[in-house]
Structure formats: structure tokens, C-alpha cells
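Everything below concerns the one structure shown next.
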């Protein structure tokens, strides 16, 4: 049984239907990527999983349990955390308070230890622990957003365009982190426009075009596919 | 000299009441971007609940150490009544309109405000006010040129204590942090696992407790209460919140005291100008004149940030 399984998902906002019936599965321990161009329906899919958008049709289940109509905080409680597009840092809260927010539902005593682990992973965050989120650079905010999501100890981490607006070196760092997080046992669903990087780290990938899945396969297969190379890897 | 010290004390006294009420406006604005115009009526209902307790305890006959107990009970009852009414208002009048255009909940708020003040005035009191039993000893303390009543000392000190309590609550408790997260970005707060509705209700309750507390202080200080009593202090506290920067908690406190001082000390300062003689009623003109001036020249208020676009 897949950890996350989506079938026939239709979702959108107002008069716009961004996702028009997609099926997608993520197995325990995988990194799965969803690639596609701007407006293809990637973010809407993630937002539907997190409960930020109510699906119009279709079903989403997590560990075999239907989560289609749950409120976002209930979905977090089941073990899904999302790093939203644009990072969603609380600008007026300090770095430490932002990380605390990630652990909002936890009442165990290991929260402090987990925070030290995030600081070990991103030493820059430790240096800036007392600064407000708004004073961080884009790369630091992305680190904070990922660290904050990890503070919830999720079973499944949803990443929405983590490379957006970052320098190539920072993108490398972020993708290395993604691989490390998986190595520690967290399953990952990664939405990206940076298809080259995403397919490199992913076990499997889906290509979404105008709200429907046009292709899926292993990361390597998709990276070799002619249509993918043309459309998403910038080759002629 | 003594005259100006008296004015200063008067300004700080009314300022305390404005500040306590303004906190509810600014906090609800923070989480919902809604001006809760029914907040003045939440203050009024709290004042009546405290009135009920004091009357039941024997009214003006209460004396000695019993005064402290009765006032404490009145404050608790006021906080509870205000919190209950604010919760009901949020559930019935605002939540169903959460995703409606912004004008809809604003109109709903004004509707609730008019409904409640008329319900109490015309439904229960036949348009008559009630006298708050004066249980507080009328004694005054003299410090040099300054004469100050026990009631004023109590009013100012307890207001400061409530505000310090609020500040601790918002900074350090789990619920307080969830309120801060929701006021910054509702959607991201929900992704942290925060129950947004719970945080919003908590915001209404905390603002209402402050307002109920202010309701009792108002009754003790101004002696007459009625169903429409929430209107003017409500609008003034709203002015204070705008002056401080709506959405900002320190702003509401500073705005409240500034407005109180402007009304009293500011009016007397104007009276120092030869040929000017503004009677006491002019304090409202000064307060709302100030509101217009702020809205024109500094709509973000003292501590206000530019309203950021939601992510």
C-alpha cells in the first residue's frame, strides 16, 4: 500500500480548474517529484494534499486513511508537513520561534533536541536564532522553512519549489539536504520547475501538463525522455 | 501645577479604559482584518454582568474588606460574560462570512452592535440607565500637589497589570504563539498544525476579557451605564487602535493613553490660547478630529507596518 495515494483528483480556485483528474502514488521511503511548467497544477496538487484547497472530486489517502476533506491542522497531525511555495516564513517571529511553530502539535520532550539537529544541519540558522524571519536572506529562509517542517517529524514532506529564486550553489545545498532527509527515513514529494535537479534526486517522477499527468516513470527514464528534455531540460 | 497634574491623571485614567478596549479591536483585526464594531457592546455586556454581581452582593452597602472580594467577583463575571458574548458573535455573525467579501462581515458587525445596544436599552431597560453602586471608598491620596482617588489608582494599576498579563500570554504561551502565527499568515499557520478557528476564537475571548474588565472600571468611574454606553468608548478605542497602528498590540496601549491624554491635557492646552474656551464636551471633537488627521497623514499609525500582501 502506498503511503500517499491520489486518485481522480480535481481541484482549483473559483472558476479555474487547475488539476483535472490526476492519479499519483508515493511509496514509503521514496523521493517522488512532480514537474511541470508554471500553472500546470503542481502547487494546487500539493495544496489539496495539505487541505488548503478542498478537492472538487477524487480521493486522497494517507497510510490507507482518507484525508480528502480534513482541515489542514488534522492533516499535519497525521504526519504530512508542507514547505509552501515562497517558504511561508513568519517574518515577525524569530528563527527559533519559527522552528517552535513547526513543532506546534508536539508535546514530547525531544523538541529541543530536534531543534539542535536542525541547527547542526543549517549552522546559519543557529547564528541567527534570535533574529526575526524577515531579516533572513532567501536561502536562509528556505533552510528555515525546511527545518521548520522537519520539526513536526513528518512521515511525508511536501516541498513546493524549494529551489525558486536561489543561487545555483544554494540549490545544490537544498537538494543535498532533501537527499539527507530521505536517508533519515522521511518520504518526500517534491514539486519543481527545476526539472534537471529534481529528476536527479528523485526515484520516480510525474510530469503534469495543464492539470493532467502526461508522463510518469523513474527519474532516470524521465531524464532520458525526448519530450521531457525538450520541454523541461532546455534542450533542442 | 496641581491643575495640570489632575489633568494628567484624568487623561491616564480614561486612557487606561481606551487602551483595554483597543486591545480587542487590534487583536481581532490582526487575525481577521475585521473591525469588530460589536466590540463596544461586548464591553457593555461585561459592564452589566459586573453590575449584576455588585447589586446582588448588596450594592453600595458593601464595605470593608468585602469590597475587594465583590469587585474581584464583578471583574470575573464581566470577563466571563464578555468572553461568552464575543464567542457567540464570532460563531454566528462572522464565521459564516469568513470567505465573503470584506464589506459583508463589517456590515454584520455594525448590525450586531446596533442590535445588542438596543436589545439592552429598549428590550430590558426601557431606555433608562442604571447607577453603578459606588462601592469604592471615596478617599483620596495626596502626593505633593497631586490628588488622586483610590479608584483612580486601582483603575490605572489594574489596567497595567492586565496589559502585562496579556503581553506575557501572547509572547510565551502556546495559544499566544498560535495567535501571532495566525495574525501573520493564516494559511501558513494552518500548515504548522495550528487549528486556525481555535486561535481566532481565543483572540476574541482574550480581547473580550479585556473589554469586560474595562466595562467594570468604566461603571465604577463614570457611575451610569446603559445599553448604548459601548458606542462612544468603542469608537474612541477604535481611534486609539488606529492611532497606535491597527494590528499592533503595543500600538493599542500607546494609542489608548495618547488619546486619553489628548482629550484632557490637549483640550486644556488649547484653552491656554487667549480667546479659546473649549468646554468638556469638546473632548469628542478632539478625539475624532485626531482620527481624521491620522487617517489622512499616517494611516498606519504609530507602530503600524505597511499592510503586507498575503503570500
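We did not get these values from a lab; they are worked out from the coordinates using the rules stated. As the structure is a prediction and not an experimental result, all values here were calculated from the model. All Cβ positions, glycine included, derive from the backbone under ideal geometry; neighbour counts span all protein chains shown.
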Shape category assigned to region A:86-191 from the gyration tensor of Cα positions, a/c cut at 1.5: oblate
Choice from B:240, B:109, B:22 showing the highest fluctuation, given a GNM over chain B with Cα pairs closer than 10 Å: B:109
In degrees, nearest ten, helix B:282-297 long axis to first principal axis of chain B (Cα): 30 degrees
Using alpha-carbon coordinates, inclination of helix B:174-184 to the longest axis of chain B, degrees: 70 degrees
Distance-filtered residues of region B:64-97 - backbone nitrogen under 20 Å, label point 7 angstrom along residue B:106 Cα→Cβ: B:90, B:93-97
Added length on full extension, which subtracts the Cα-Cα distance from 0.36 nm per residue, residue A:227 to residue A:71: 52.4 nm
Pairwise FRET efficiency - residue A:1 versus residue A:172, Cβ, R0 = 30 Å, nearest 0.05: 0.30
Label-point separation, residue B:281 to residue B:61 (7 Å along Cα→Cβ), nm: 4.0 nm
Most to least packed among B:85-92, B:66-73, A:151-158 [average Cβ atoms within 10 Å]: A:151-158, B:85-92, B:66-73
Bridge type composition, chain A - antiparallel percent by DSSP, nearest 5: 55 percent
Rough spin-label spacing in nm, given labels placed 7 Å along Cα→Cβ, for residue A:127 and residue B:198: 3.8 nm
Inter-chain shielding of A:144-150 (mean C-beta neighbours from other protein chains, 10 Å cut-off): 1
Shielding by partners, peptide A:77-85 (average Cβ within 10 angstrom, other chains): 2
Highest-MSF residue in chain A out of A:160, A:100, A:226 [GNM, Cα springs under 10 Å]: A:226
Packing-based exposure ordering (other Cβ within 10 Å, fewest first) of B:4, B:282: B:4, B:282
Chain B - percent relative contact order, Cα under 8 Å, separation 6 or more: 35 percent
Helix-only CD estimate at 222 nm, as mean residue ellipticity for the protein assembly as shown, using -39500 (n - 2.57) per DSSP H run (n ≥ 4): -17000 deg cm²/dmol
Alpha-carbon centroids, region B:1-32 and region B:275-292: separation in whole Å: 17 Å
Cβ-derived FRET efficiency at R0 56 Å, residue B:265 paired with residue A:94, nearest 0.05: 0.90
Other protein chain Cβ atoms within 10 Å, averaged over every residue that makes up B:190-203: 6
